[in-house]
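Before any comments, here is the structure.
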Amino acid sequence: MKRSVLIVDDSPQIRKSLREILKETDYEVVGEAGTGIEAIKLFHALAPDIVMLDIILPQLSGIEALRMLRAENKQSKVVMVSALDSLDRVKECLKAGANHYILKPFEEAKVLEILNKVTEQ
């Protein structure tokens, strides 16, 4: 059974890269958002199994979006996506309830390994 994934990143190129990685896997991209506000709306509309959430987003940061998602739904899996230079923010996200994180630039094998890990939690 395929797991549904919502990809949230303000970079269309990053969203495309993640979509390509997830093609022909056990994961199906059901939606994409470029802002934190869009992420919350799509989360409500799509109820994805996993949210891949960039930390730095316009309108509503990934950390704020994470806190909102966690306040509503403790079961959803959230994987933060971050550049190397924001490791402190990654730690803050884990404290706020993220299940895991992926650092940019990412490798296909690492992305799939982390998604597999969080689906087993």
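The values are calculated or read from the model by the stated rules, or taken from the named source; none is laboratory data. What you see is a predicted model, and the numbers here were worked out from it, not measured in a lab. Please note: Cβ atoms are built from the backbone with ideal geometry, for glycine as well, and neighbour counts cover all protein chains shown. Remember, those area values only see protein heavy atoms, side chains included, never the ligands or the DNA or RNA. Shrake-Rupley method; radii C 1.70, N 1.55, O 1.52, S 1.80 Å.
Does Leu69 meet the test of being in contact with a Ser or Thr (Cβ under 8 Å, 6 or more places away or on another chain) and open to solvent by 10 Å² or more (accessible area, probe 1.4 Å)? Spell out how you get there, then give the answer.
On the way: in contact with a Ser or Thr (Cβ under 8 Å, 6 or more places away or on another chain): yes; open to solvent by 10 Å² or more (accessible area, probe 1.4 Å): no.
No.
Across segment 36-47, which residue is nearest to Leu115 (Cα to Cα) among those that are in contact with a helix residue (DSSP H, G or I) (Cβ under 9 Å, 6 or more places away or on another chain) and open to solvent by 10 Å² or more (accessible area, probe 1.4 Å)? Please lay out each step first, then the result.
Just the residues of segment 36-47 that are in contact with a helix residue (DSSP H, G or I) (Cβ under 9 Å, 6 or more places away or on another chain), to begin with: 36-37, 39-40, 43-44.
Retained after the next criterion (residues that are open to solvent by 10 Å² or more (accessible area, probe 1.4 Å)): 37, 40, 43-44.
On the way: Ile37: 23, Ile40: 20, Phe43: 18, His44: 21 Å.
Among residues in segment 36-47 that are in contact with a helix residue (DSSP H, G or I) (Cβ under 9 Å, 6 or more places away or on another chain) and open to solvent by 10 Å² or more (accessible area, probe 1.4 Å), the one nearest to Leu115 (Cα to Cα) is Phe43.
Please specify each residue of segment 72-85 satisfying the condition of being over 15 Å from Leu6 (Cα atoms) and either touching a Ser or Thr at 6+ places or on another chain (Cβ under 7 Å) or crowded, with 16+ Cβ neighbours inside 10 Å (or both).
The answer is Ser82, and nothing else.
Give just the number: which of (1) under 18 Å from Thr25 (Cα atoms); (2) surrounded by 12 or more Cβ atoms within 10 Å (Cβ to Cβ) does Glu107 not satisfy?
(2)
From (1) surrounded by 13 or more Cβ atoms within 10 Å (Cβ to Cβ); (2) on the phi > 0 side of the Ramachandran plot; (3) not acidic (Asp, Glu), pick out the condition that doesn't hold for Ile56.
In the conditions (1) surrounded by 13 or more Cβ atoms within 10 Å (Cβ to Cβ); (2) on the phi > 0 side of the Ramachandran plot; (3) not acidic (Asp, Glu), Ile56 misses (2) alone.
If Leu57 satisfies all but one of (1) touching a residue at least 40 places away in the same chain (Cβ under 8 Å); (2) touching a Leu at 6+ places or on another chain (Cβ under 8 Å), what's the number of the condition it fails?
Looking at each condition in turn, Leu57 falls short on (2).
Within segment 1-21, how many residues are touching a helix residue (DSSP H, G or I) at 6+ places or on another chain (Cβ under 8 Å) and buried (at least 18 other Cβ atoms within 10 Å of the Cβ)?
Initial filter on segment 1-21 (touching a helix residue (DSSP H, G or I) at 6+ places or on another chain (Cβ under 8 Å)): 3-9, 18, 21.
So of that shortlist, the ones also buried (at least 18 other Cβ atoms within 10 Å of the Cβ) come out as 3, 5-9, 18, 21.
Counting residues in segment 1-21 that are touching a helix residue (DSSP H, G or I) at 6+ places or on another chain (Cβ under 8 Å) and buried (at least 18 other Cβ atoms within 10 Å of the Cβ) gives 8.
Sort out which residues of segment 101-120 are modelled with pLDDT of 90 or more and within 12 Å of the chain's Cα centre (by Cα), and write them in order of number.
Selection gives Tyr101, Ile102, Val111, Ile114, Leu115, Val118.
Quick check on segment 86-100: of everything there that is open to solvent by 80 Å² or more (accessible area, probe 1.4 Å) and within 19 Å of Lys117 (Cβ to Cβ), which residue is modelled with the highest pLDDT? Walk me through it before giving the result.
Residues of segment 86-100 open to solvent by 80 Å² or more (accessible area, probe 1.4 Å): 88-89, 91, 95.
Then keep just the ones that are within 19 Å of Lys117 (Cβ to Cβ); that gives 91, 95.
Values: Lys91: 82, Lys95: 92.
In this case the residue turns out to be Lys95.
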